[in-house]
Ligand code: UDP
Ligand code: MG
């Protein structure tokens, strides 16, 4: 797409009626100070509250604001992707709608980009107002992911980042469904650096990432960046059958050469439960990969847009449409 401005800010929203206006105002102050041309691309990810209504109101008076309105909820990572597809800036910033990522940091990010970096990601040095459970699981997840993958995904970063157009284009050219954007950015390479920040409390409303979605995101991350779980599965299978064989010989030896009567039931049940449990969970690991392969093989578009507001026809993005008409 033709570049029409210096900076695009992509904001995914899911039921954010309580925060969206404040977010817009705070972004506006920062962007105006920057003294460059910009656009704000709001992506409504199937909100069921007044979010779209409010953003449409803003669009009517401010033409730097654009809205991509999804036909339903497609998920945060997909919403961010749609925002990138529809953005036209020389640089692109991804930021959450709830003001947990301070918009003021964008100024620093732009400064680092000017120094020649292609990706400037925000690194959380502290997280305010999040439960110890979320902090703990997040910390564990990032470290587990790091140990599982060959891609060097920085610890404690979210999607809050600035990217050069070439990185953004690289990401939007990857049309996989199980998206883990921070991993994809690491995979893409380019010159990357970080700026530290303290992650604030959510300004209002509650998290749109319940445990269920967090687990899903973690599984997506794990399966799209690593096949190590499959390798672990086969190693575990091999080790267990080796142990099984050794035990088989012990049992045979006892039966033939000694007269120890084995009182079998408890050990039989224990072993049977253990092995069945392990077999089933390994099948589950396989299933995670096969399910995702199946999803990808359908080749459906990542999302459907009900309406795009404030995009002039010349700047109308076409990637998804191309995908549909092909
Ligand atoms: N979000 C979205 N679709 C979803 C869930 C979340 O677009 O299905 C958006 C949400 O509106 C917010 C961002 O993704 O702008 C991050 O969500 P949230 O702040 O709830 O996650 P948390 O910060 O608690 O991890
Ligand atoms: Mg948040």
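Scanning region 96-129 for residues that are in a loop (DSSP other than H, G, I, E, B), surrounded by 16 or more Cβ atoms within 10 Å (Cβ to Cβ) and within 16 Å of ligand 2 (Cβ to nearest atom) gives 96, 97, 98, 99, 100, 101, 102, 103. Residue-level check: of (1) free of Cβ contacts under 8 Å to residues at least 60 places away in the same chain; (2) part of a helix (DSSP H, G or I); (3) away from ligand 2 (no atom under 16 Å from the Cβ), residue 135 misses just (3). When 55, 41 are screened for being in contact with a strand residue (DSSP E or B) (Cβ under 8 Å, 6 or more places away or on another chain), assigned to a helix (DSSP H, G or I), away from ligand 2 (no atom under 16 Å from the Cβ) and more than 25 Å from residue 212 (Cβ to Cβ), only 55 passes.
Taking each residue of region 206-227 that is on the phi < 0 side of the Ramachandran plot and looking for partners that are near ligand 1 (Cβ under 9 Å from one of its atoms) with beta-carbon atoms closer than 6 Å, six or more apart or interchain, yields 208/14. Of all residues in region 186-212, those satisfying the criterion of being out of contact with any helix residue (DSSP H, G or I) (no Cβ under 7 Å at 6 or more places or on another chain), at pLDDT 85 or above and surrounded by 15 or more Cβ atoms within 10 Å (Cβ to Cβ) are 186, 187, 192, 194. When 262, 325, 227, 313 are screened for being more than 28 Å from residue 175 (Cα to Cα) and at pLDDT below 85, only 262 passes. Total residues in region 82-95 satisfying the condition of being more than 13 Å from ligand 1 (Cβ to nearest atom) and part of a loop (DSSP other than H, G, I, E, B): the figure is 3.
The values are calculated or read from the model by the stated rules, or taken from the named source; none is laboratory data. Since we're looking at a predicted model, the values are computed, not measured. With ideal geometry, Cβ positions are generated from the backbone for all residues, glycine too; neighbour counts draw on all protein chains shown.
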